[in-house]
Amino acid sequence: MSLHLSASLGTWLAAALTLCIFSFLYKDNPLYKFAEHLFVGVSAGYYIVLNFWTVIWPNLIVPLGKAAQGLGVDPEHKGPFAAELGDYRAWLVIPGVLGVLLFARLLGRIGWVSRWPLAVIIGVYAGIKTTGFAQGDLVAQVQASLQPILGRTPWETVNAVLFTIGLIASLLFFFFSREHRGALGVASKIGAYFLMIGFGAGYGYTVMSRISLLIGRFQFLLENWLGLR
Amino acid sequence: MGRMRRGCVPGAGRGRAVLLAAAALAALAGAGRAQPRAAVPPALLAPPPAPASGLIGDDVSNDAGRALTLSWKLSPDDSVGLHRVRGYAIERAPDPSGPWQLVDSVAARTARFVDQSVRRNTDYFYRVTTLGPGGITPARSVTGPLRATSSWFNDRRYSVLVATILFFGFVLYFMASAQSGKKPFVRRIPGINAIEEAIGRATEMGRSVLFLPGILDIDEIQTVAGLVILENVAKLTAKYETPITVPVSYPIPFTIAEEMVRAAYLNSARPELYDPTSVRFISPEQFAYVAAVTGIMLRDRPAAHIFMGAFFAESLLLAETGFSTGAIQVAGTANVHQLPFFVVACDYTLIGEELYAASAYLSGDPKLVGSLKGADLLKILIIASIIIGCVLETLRIHGFTHWMQTQ
Amino acid sequence: MKRELPLLTTALIGLFMILSFFVPHEWVSVPADFLQATAIILVAFGYVLGGANVLRVNLDAVSKRAPGWPYKVLLVVALLVTVIIGVLDGIPREGGFLNAGTRSKWIYDQVYSPMAATLFALLAFFIASAAFRAFRIRTAEAAFLAIAALIVMLGRVPIGDRMTAWLPHAFQLGTMQQWIMDFPQNAAKRAILIGAALGVMATGLRVILGVERSYLSGEE
Amino acid sequence: MQWLERLDRRWIFVVMGLLVLGPLIKPLYLPLSVTEHVRAFAAAIDRVPNGSTVLMSCDYDPSAIPEMVPMTRTAMRQLLSKDCKIVITVLWNAGPGLVDSVTHETAREFPGKRYGVDWINLGYKSGNEAVMVLMGQGIANAFPRDYSGGDTRSYPIMHRVRDYSSFPLLVNISAGYPGTKEWVQQVQARFHLPMVAGVTAVSAPEFYPYLQSGQLQGLLGGMAGAAEYEKARGEKGTATRGMDAQSLGHVFVALCIILGNVVRRTRPAGGTA
């Protein structure tokens, strides 16, 4: 095992910034603040450039430019408004204008016009999410819970019964139309225990994630920077 | 529903088939670069393969008329180890007499193809040609006309439609009945008592209350719920003349929180107790916000910490620092990943929907209460379906389960 | 006009998107597809706006000499440099500003990436100290949570199996971990999933009805 | 025991740091066993017909490198070794640069595989669920240009890719929102595309209901999942090398929980503080 220090300036910079952030563990200090503000600045700048070059440019400006020449995805179709599925040509002026209106927010007095693009975004997502959750999480999950209680082995039966009771009890925990007394009280108490087991599992897995991230940083420092082999 | 059109028109326009199929063969050979090409002319190796047969086609259902599905019987020579068939070429034409156009080719042992390049409401005729190292063999017949049409309803989504309509119906009904003055019953959430106790305790000790409405902007429903709870907390602190501190991470929730706290104090017996610095704008940056809040916890030593809203990785740091100061802590979030950290370090935790329920209860807003009741009613239906479904499944009756299947 | 039109727009679009889930016909699916394409572009503008906002807020703080303003200068400079380099990198490459070998990629790899990764790695330390100082087992609920957490935490890594290798297979930590994940925790998670789905659908309905309008608050 | 209660938490940080660092320098070689859902993940990819085109969405950013990158590499290797073609997308803002480096490095291990023919990186698109649904009407409609700025439709690999029906499987490697949950809701459910997922440990428990319902055919949870997947494929990557450190870290946190409660129990007088 020996050291092979990296000769790359970039790796040294990355290692230095990593250590600056780790210094927060000792206490909040200027090195950490330096790194933090650098990070926020770079990431904000990066988001601007990224969204310009990967969305606004290819999905809006390039097709609009083509549409101005009467072209689109399908070369057999001609005309700036000859739209079809996935090929909207000059219609893309609408998102373009709405997108610019979003910036009215920065202008104070006419900030309210930014509500129009916002209304479109909210409407689209409200619609997509409602049906997505209805199918993927509501119907599909309820459907998957309809399982035979009697399994092939006694152990399978125990598990199926346990699962079904746990599910129903946990659902009753979130029932707000009646006081949790009597049978409902017992059921919701059982539900609470199941939820706690669920949270315990979540705790264990969260620990795993966080430690993995630390391992990743140490691997970077040891292998890429110090070149420990 | 798409219309079905099947049928075979025997022997038609075989002329250009050979040319097109040769192009397909070349394409196929080019695609499968992994296989080394034989140096010997293929014709010397083997006879041409027997043709594929029984080509049938159908409109793909539940779509906007964008695809046709084709299937056929494999060539009798297409079996593992025989190497007489390299693949199949699929061709189509607007008329049985041509002109034929190569659509695509598929590998050997494939007897299904979906043509996604069709135009809606247009008739097509198809034929499949068998390609082999020994030559190409066109099918003996042509299938068609086939036509892709748009469907008006996706018939695999009935169960989702029923669930959605039922739920919307329930919610609308309860909203309407709440607005007409018939206030539906919602049980008091124990967490609300815990909040009141915590404020009482702070008052007894003569220390302040710290309230965090989560770290997201106003477009997050949890932030809205947190602010509704803040309104009530501020009324209580104003009544008990206890100072309150509210660090906020985004500008709009900040303005709303400030307004709520000010209003609560101005409407109380001692409006002069309102401290304009009690609601503070910190920073949308997660860790900067945490550093500021833990600073407040350690310096000002509030006796009660109330966390209500969307929290992420910072929950751990907040709960730990808060715990170490010995304050009473009440938390509530719908971010399931963070709940474990609150549950173990706080005196009371509102779990998931309880956060929304608490805000609906406190606000008494008929729309919020209405959707809460609607969800409750659907939950009863869900539980009933689960019980009935499990019984049916145990009895090996699968109809109900199949009806719910969406895929 | 200032409020009603956006509310109406949201309601119509929301309903139309729901309709498009059930109706595949091109009269519905093509406009729905266009609306999604629009949403994608608007969200991208939103990110650009977010960046501009960060710039504005921090320039404000600098001009007012707010506490810690020298750091804000750093932030603003970093932001501007990243944007300028990114634009210059993208022009000759048809937008491929992050292609291998560009200056933007260097900034991304050597500045952005290590810091993003390290910020969350700090939590490994905090989680240990929180476990020691703020994990209280006082009630039956907390005991259930703690036991599940310990079994899952140890059972999910190789050392758990090593520690309990002497026990019958069914009692080894790895087996118990798997069972907890597959049955009790799964039941609880499914209940939460179903509850959350109802919550999202209710919110969606309220947004469409125009009673949930918090997104419209702010500038009048 | 009193001193333990007042212990400066930085001592805990030091112990944690050393316990993780130690095994990285001097490994313990604790044996790994492959669990059921990881096996199912590998098997689902195995079932894909050789030579078909698979969609792989890499929805993560540098903050999840240690968990996500090993999964990406191993899944890509498994697919390429089956001569499958791979279409890669990224829905996370900060992800595309990282994903591009990782995919290029991995593809370079297969000398015959060419960009644009055997695999393609379509890069990033904002819009989360809207992108997923939009891709359902045409992958190239949502991604007219690939990561490097080229015209997506001009690459040979895209000639046989129209929408989700062109893929037999979706492999999603995701660190949160948007990610596995959204792919299940918007694509698996809506377009009936079979799906497997590799996710961070934090979010893994949330997806067990999808496994039981068959909406997911396999699941890799966190670094342990990644390490087991490496083992199942006979590889020794960064995840495998991290597992010893992971083990010691977990034991330490477990001890912290137990010790913390013992200390508070044995405290002479009551009080909540």
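For the reader, a short list of remarks on this structure follows.
- Each listed q (0.06 Å⁻¹) maps to a log10 I(q)/I(0) for chain B, found by the Debye formula over equal Cα scatterers with no solvent: -0.52.
- Ellipsoid semi-axes in whole angstrom, largest first, where each is sqrt(5λ) of the Cα gyration tensor of the stretch C:1-126: 38, 22, 18
- One Cα centroid belongs to the stretch B:327-384, the other to the stretch D:183-250; the line between them spans 29 Å.
- In this structure the amide hydrogen of D:W119, modeled in the peptide plane, comes within under 5 Å of the amide hydrogens of D:I86, D:R114, none closer than 5 places in sequence on its chain.
- Accessible surface ranking for C:I192, A:I128, 1.4 angstrom probe, highest first: C:I192, A:I128.
- Computed over protein heavy atoms with a 1.4 Å probe, the carbon and sulfur contribution to the accessible area of the stretch D:36-244 reaches 50%.
- Mean separation of Cα contacts under 8 Å (6+ apart) over length of chain D, as relative contact order %: 26 percent
- Inter-label distance for A:K27 and A:S177, nm, one decimal - labels placed 7 Å from Cα along Cα-to-Cβ: 5.7 nm
- If you wrap the stretch A:1-106 in the convex hull of its Cα atoms and look at it from every side, the mean projected area works out to 13.2 nm².
- Charges were assigned to the Cβ only: +1 to each Lys and Arg, -1 to each Asp and Glu. The resulting dipole of the stretch A:1-106 about its Cα centre is roughly 280 debye.
- Residue (of C:V30, C:Q172, C:G90) at the positive-pole extreme of chain C, dipole from beta-carbon charges: C:Q172
- Sequence-separation-based contact order of chain B, relative, with Cα cut under 8 Å and 6+ spacing, percent: 16 percent
- Paramagnetic reach from B:N267 (point 7 Å along Cα→Cβ, amide N under 16 Å) across the stretch B:184-204: none
- With a cut-off of 11 Å between beta carbons, the residues surrounding C:P6 carry a summed charge of +3, where Lys and Arg count +1 and Asp and Glu -1.
- Taking the Cα centre of the stretch C:67-134 as reference, the dipole from Cβ charges on Lys and Arg (+1) and Asp and Glu (-1) amounts to some 180 debye.
- Cross-link partners of A:K27 among lysines (Cα-Cα below 26 Å; sequence separation of 8 or more within a chain): C:K72
- Here chain B exposes an accessible surface that is 59 percent carbon and sulfur, computed with a 1.4 Å probe and the other protein chains kept in place.
- Cα-based radius of gyration of the protein assembly as shown once divided by 2.2 N^0.38 Å, which approximates compact folds: 0.95
- Only helices reaching 20 angstrom along their own axis (Cα) with mean Kyte-Doolittle hydropathy no lower than 0.0 count here, and for the DSSP H runs of chain D these are D:9-25, D:65-81, D:238-265.
- Placing a label point 7 Å from the Cα of A:V161 along the Cα-to-Cβ direction, no residue of the stretch A:184-198 has its backbone N under 11 Å from that point.
- Across peptide C:78-85, the average count of Cβ atoms from other chains found within 10 Å of a residue's Cβ is 6.
- Of A:K189/B:K379; A:K33/D:K26; C:K105/D:K125; B:K235/B:K379; A:K33/C:K64, pairs whose Cα-Cα distance is over 23 Å: A:K33/D:K26; B:K235/B:K379
- Prolate/oblate/rounded label for the stretch D:156-273 (Cα gyration tensor, a/c 1.5): prolate
- The separation of the stretch B:246-272 from the stretch A:133-165, counted between C-alpha centres, amounts to 48 Å.
- Spread of Cα-to-Cα distances over 10 Å intervals beginning at zero, given as percent, for the stretch C:1-56: 21, 34, 32, 11, 2
- Counting only whole DSSP H helices of chain B, the ones at least 24 Å long by C-alpha along their axis and with mean Kyte-Doolittle hydropathy no lower than 0.0 are B:158-179, B:221-240, B:366-394.
- With the helix formula -39500 (n - 2.57) applied to DSSP H stretches of n ≥ 4, the protein assembly as shown reaches a computed 222 nm mean residue ellipticity of -17000 deg cm²/dmol.
- Cα-based shape type of the stretch C:67-134, given that a ≥ b ≥ c are square roots of the gyration tensor eigenvalues and the cut on a/c is 1.5: oblate
- Within 10 Å of each Cβ in B:318-328, the average number of Cβ atoms from other chains: 4
- Chains A and B together bury roughly 4000 Å² of accessible surface, counting both sides and using a 1.4 Å probe on protein heavy atoms.
- Within the listed set C:A187, C:A148, C:A131, the residue fluctuating most in the Gaussian network model of chain C (springs between alpha-carbon atoms under 10 angstrom) is C:A131.
- The base-10 log of I(q)/I(0) for chain C, evaluated at q = 0.14, 0.17 Å⁻¹, reads -1.15, -1.15 [Debye formula, identical scatterers on Cα atoms, solvent excluded].
- Length-normalised contact order of chain A in % [C-alpha pairs under 8 Å, at least 6 apart]: 21 percent
- Shielding by partners, peptide A:78-88 (average Cβ within 10 angstrom, other chains): 4
- Highest-first arrangement of D:101-109, D:157-165, where packing means the average Cβ count within 10 Å: D:157-165, D:101-109
- Alpha carbon centroid spacing (whole Å) that separates the stretch C:125-161 from the stretch B:113-161: 57 Å
- Database remark: amide H of B:L55 closer than 5 angstrom to the amide H of B:K73 (H placed geometrically; neighbours at sequence offset of 5 or more, or on other chains; Pro and chain starts carry no H).
- Per-residue HN-Hα couplings for the stretch B:98-115 [Karplus 6.51, -1.76, 1.60; θ = phi - 60°; Hz; x = Gly/Pro]: x, x, 8, 10, 6, 8, 5, 10, 10, 6, 4, 6, 10, 10, 8, 8, 10, 8
- Computed about its Cα centre, the charge dipole of the stretch B:269-380 is approximately 120 debye, with only Lys, Arg, Asp and Glu carrying charge at their Cβ.
- Rolling a 1.4 Å probe over the protein heavy atoms gives the protein assembly as shown an accessible area of 37 Å² per residue.
- Environment charge of D:L30, counting only residues whose C-beta is closer than 14 Å and scoring Lys/Arg +1, Asp/Glu -1: +3
- Counting only whole DSSP H helices of chain A, the ones at least 30 Å long by C-alpha along their axis and with mean Kyte-Doolittle hydropathy no lower than -1.0 are A:30-51, A:182-219.
- For D:G198, the residues 5 or more places off, or on other chains, whose built amide H falls under 5 Å of its own are D:N172, D:I173, D:S174, D:L220.
The values are calculated or read from the model by the stated rules, or taken from the named source; none is laboratory data. Since the structure is predicted, the reported quantities are computational estimates derived from the model, not experimental observations. FYI the Cβ positions are ideal-geometry reconstructions off the backbone, even for glycines, and counts take in every protein chain you see. Surface accessibility is based on the protein's heavy atoms, side chains included, excluding ligands, DNA and RNA. Shrake-Rupley method; radii C 1.70, N 1.55, O 1.52, S 1.80 Å.
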